[in-house]
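Each remark here refers to the structure printed beneath this line.
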Amino acid sequence: MSEPEALPAQIDSVIKYYESTRSDYEKLWFTESDPAVHFGYYDDTVADHPQAIVRMNAVLAGLAGIGAGDRVLDAGCGCGASAIWLASTLGCSVTGINVVPFQLAEARRYASRAGVSERARFERQDYERLSFPDRSFTVYWGLESIVHSEDREAVLGEASRVLEPGGRIVIAEYTLRESPPLTRREKGFLDPWLASWAMPRLLAPGEYEGLLARTGFTNVRTRDISPHVARSLRRLRKMCRVALPVAALLRVMHVPDFNKERVGNIRGSLRQIRAFEKGYWRYTVVTAERAPAGQ
């Protein structure tokens with residue numbers, strides 16, 4: 001019997017990260033009805049964390065102009081929360097892709113519970129190497145997901161290929177400060193966060209603009225929504241400050257569930273927040289359109 005094919009190292013790292021931190025997300029971040037693995041968007045319409053999570057979906061969907069007739073690819077769909085919201089609220093069809101097996105199983109379970117299994121489907125695929133035919137989708141959705149990729153140009157090239165001409169892409173992501181560029185020391189400050197969250201590196205907004213232009217997109221626009229996300233970060237800091245001493249102690253006591261990855265996730269989160277307060281990174285939404293055929 002032949003040995004199973006080894007996973008690329010980065011995909012293996014992502015799977016291990018989400019498997020080791022699964023309990024943290026389920027106990028500290030998920031809401032009763034929404035297994036979202038992303039930050040919330042706070043504005044005057046929002047009163048709490050569950051509403052902010054949903055509001056992020058609504059804001060991004062509005063920027064992408066998503067409607068009932070759209071075919072959406074949710075690239076890096078987590079446990080399916082955004083895909084299910086899009087399908088149930090807007091009536092569009094959504095295909096979520098992910099490389100983490102347990103998250104795909106959870107996404108299918110949540111979709112069935114929400115009654116949208118026919119409109120929200122989930123597949124195990126790598127967004128750097130999609131199996132979908134050309135022009136399969138009208139919208140590409142990447143919410144805090146493609147930051148896990150080592151090759152962002154490959155991801156966006158595949159996004160361009162599977163979008164029909166005039167299709168839209170929306171990416172919500174952590175981005176480096178554009179000006180002045182981070183020094184080597186400042187970039188080094190980010191390393192514990194990036195390593196613990198299985199993220200190879202961050203890009204600046206201008207780098208996304210350049211990559212999108214090279215891969216066939218036009219009308220590229222970036223929006224800094226950091227003020228709307230800051231309250232989510234403050235919520236995360238409060239939880240991490242309580243959780244870290246407990247997790248570190250249980251790690252020393254060799255409690256099986258409290259592995260080094262889980263403790264590293266909490267420490268990485270605190271480093272993320274400190275870096276945000278220092279102005280080293282911002283939360284950016286990038287939108288663009290797939291160029292018409294021939295352009």
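The values are calculated or read from the model by the stated rules, or taken from the named source; none is laboratory data. Everything numeric here is computed off the predicted structure, so don't read it as measured data. No Cβ is skipped: glycine too gets one built from the backbone with ideal geometry, and neighbour counts run over all protein chains shown. Quick note on the areas: whole protein, heavy atoms, side chains included, nothing else; ligands and nucleic acids left out. Shrake-Rupley method; radii C 1.70, N 1.55, O 1.52, S 1.80 Å.
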Output the residues belonging to the stretch 99-119 that are open to solvent by less than 10 Å² (accessible area, probe 1.4 Å), touching a Lys or Arg at 6+ places or on another chain (Cβ under 9 Å) and either at pLDDT below 95 or among the β-branched types (Val, Ile, Thr) (or both).
-> Val100
Test each condition in (1) open to solvent by 40 Å² or more (accessible area, probe 1.4 Å); (2) more than 22 Å from Asn265 (Cβ to Cβ); (3) under 16 Å from the mean Cα position of the chain (by Cα) for Tyr41 and report the one that comes out false.
-> (1)
Only one residue in Gly65, Gly80, Gly91, Gly96 is in contact (Cβ under 8 Å) with a residue 60 or more places away in the chain and either open to solvent by 30 Å² or more (accessible area, probe 1.4 Å) or not polar (S, T, N, Q) (or both), so which one is that?
-> Gly65
Complete set of residues in the stretch 219-230 that are over 12 Å from Val286 (Cα atoms), surrounded by fewer than 18 Cβ atoms within 10 Å (Cβ to Cβ) and touching a residue at least 40 places away in the same chain (Cβ under 8 Å) = Ser226, Ala230
Taking the stretch 145-171, which residues are touching a helix residue (DSSP H, G or I) at 6+ places or on another chain (Cβ under 6 Å) and among the aliphatic types (A, V, I, L, M)?
-> Ile146, Val155, Leu156, Ile169, Val170
What's the number of the condition Met56 fails, among (1) among the hydrophobic types (A, V, I, L, M, F, W, C); (2) closer than 17 Å to Tyr283 by Cα; (3) in contact with a helix residue (DSSP H, G or I) (Cβ under 8 Å, 6 or more places away or on another chain)?
-> (3)
Assess whether Glu173 counts as being open to solvent by 50 Å² or more (accessible area, probe 1.4 Å) and on the phi < 0 side of the Ramachandran plot.
-> no
What do you reckon, is Ser20 open to solvent by 30 Å² or more (accessible area, probe 1.4 Å) and either closer than 21 Å to Gly76 by Cβ or touching a helix residue (DSSP H, G or I) at 6+ places or on another chain (Cβ under 6 Å) (or both)?
-> no
Only residues that are in a loop (DSSP other than H, G, I, E, B) and buried (at least 16 other Cβ atoms within 10 Å of the Cβ): list them for the stretch 189-204, please.
-> Trp197, Ala198, Met199, Leu202, Ala204
Name the strands (runs of 3 or more DSSP E) wholly inside the stretch 100-188 in which the number of residues that are among the β-branched types (Val, Ile, Thr) and in contact (Cβ under 8 Å) with a residue 60 or more places away in the chain is 2 or more.
-> 137-143, 163-176
Are any residues in the stretch 44-62 farther than 24 Å from Ser269 by Cβ, open to solvent by 30 Å² or more (accessible area, probe 1.4 Å) and not in a loop (DSSP other than H, G, I, E, B), and if so, which ones?
-> Ala58, Gly62
